[in-house]
Amino acid sequence: MGIFLTVLKILGIVILSILAFLLLVLIFVLFVPVRYKADAVITETDIEKDASEILENLSANASFSWLLHIVSGGISYPESKEFTLKVLCFTIFPPKNKKNDELYDEDSYETEDSSYEPEVTEYSEALEKEEGFEAKPDNEDNSETTDGLDSPQSAEGNEDSSDKKDEKDDLADPFDYEDDTEGEDSKNFIDFLKSIFNTIYKIIKIPQNVFEKIQYTISRINAKINMVKNTLTNDIFKRAFEVTKKQVLRVLKMIIPKKFHADFLVGTSDPTITADILAAYGVMYPVLVNKVFITPDFERQRIAGKVHLKGRITVFTIVWAAAVLYFNKDVRKTYRRFKKIIDS
């Protein structure tokens with residue numbers, strides 16, 4: 001009995017340890033934020049000479065990390081255009097085997113001997129064996145054909161066949177052929193008239209069908225518009241809209257970068273366009289103050305810039321917002337109402 005209780009005790013400790021570990025991992029995933037940052041630099045480029053140099057002078061780098069850089073990854077341009085994912089010091093994506101396979105394939109294609117070309121004779125002999133026939137010499141074919149033409153049996157056969165054709169032509173009634181052709185002509189004429197009447201009927205019927213379809217479509221659209229109006233003016237929709245707006249704004253506020261700094265040098269071919277850009281910047285200045293700076297150049301056509309941003313994303317905020325929207329009765333009723341309107 002003591003051994004049995006000891007085994008149960010060990011099993012209980014193991015199960016509790018596994019549950020505690022899973023709970024700890026779940027807490028880390030939900031509450032430890034994923035930190036991200038991005039940097040982009042465009043060196044000064046003369047747009048007037050060559051606008052395609054913008055991509056050549058562009059360099060960007062985006063990366064993320066989670067839990068003291070235990071999980072990290074990112075992508076950079078133009079050094080490495082492939083996304084990388086690392087756990088501790090081990091590269092999970094892209095796998096190393098894939099890179100080695102690509103290198104091996106390239107080497108094999110380069111070292112492969114492509115000078116070999118199969119001869120036509122070898123191919124023809126193999127084809128003859130597969131098809132089950134062999135090529136005959138030209139002399140034998142000519143001899144067989146000439147023998148067949150000069151043989152008396154073939155001549156007799158030709159005479160017999162010509163005699164039989166003459167007998168059949170004599171026995172045939174010439175008026176039968178004429179009667180058949182007249183009947184076929186009358187049938188073809190009747191079918192032709194039927195096709196003309198059917199075409200005229202369809203031409204007359206098409207506008208009526210089109211009008212009925214248009215009328216039916218308009219009635220459906222009016223019915224859906226009335227249903228949407230009734231839904232938007234309902235108190236259930238108003239409460240659902242407030243809840244959805246609150247949760248969406250909460251998620252967006254969390255995702256938006258906490259640090260953002262951008263500095264641009266802009267010069268266009270037309271000074272009025274540069275002035276329009278500054279006017280738009282002035283309108284957005286209360287939002288972009290101490291974050292975005294634009295230096296205009298009214299003399300030269302050039303562009304340069306530097307962007308730096310950093311932020312974090314917490315999974316718990318997204319999960320909480322999704323749970324609130326999913327279990328809210330007003331949101332679910334509104335969702336079913338719009339789905340019914342779309343499917344009707």
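Each value in this text was obtained by applying a stated rule to the coordinates, not by laboratory testing. Only a predicted model underlies this, so the values are computations on that prediction, with no experimental measurement involved. Cβ coordinates were reconstructed from backbone atoms using ideal geometry, including for glycine residues, and neighbour counts include every protein chain displayed.
List of remarks:
- Amide hydrogen proximity for Lys86: with H placed 1.01 Å from N in the peptide plane, the residues at 5 or more positions away or on another chain lying under 5 Å are Ser72, Gly73, Ile92.
- Burial order of peptide ranges 55-62, 305-312, 221-228 (average beta-carbon count within 10 Å, highest first): 305-312, 55-62, 221-228
- The residues packed around Lys291, meaning those with a beta-carbon under 12 Å from its beta-carbon, carry a net charge of +1 if Lys and Arg are +1 and Asp and Glu are -1.
- Amide hydrogen proximity for Ile294: with H placed 1.01 Å from N in the peptide plane, the residues at 5 or more positions away or on another chain lying under 5 Å are Phe264.
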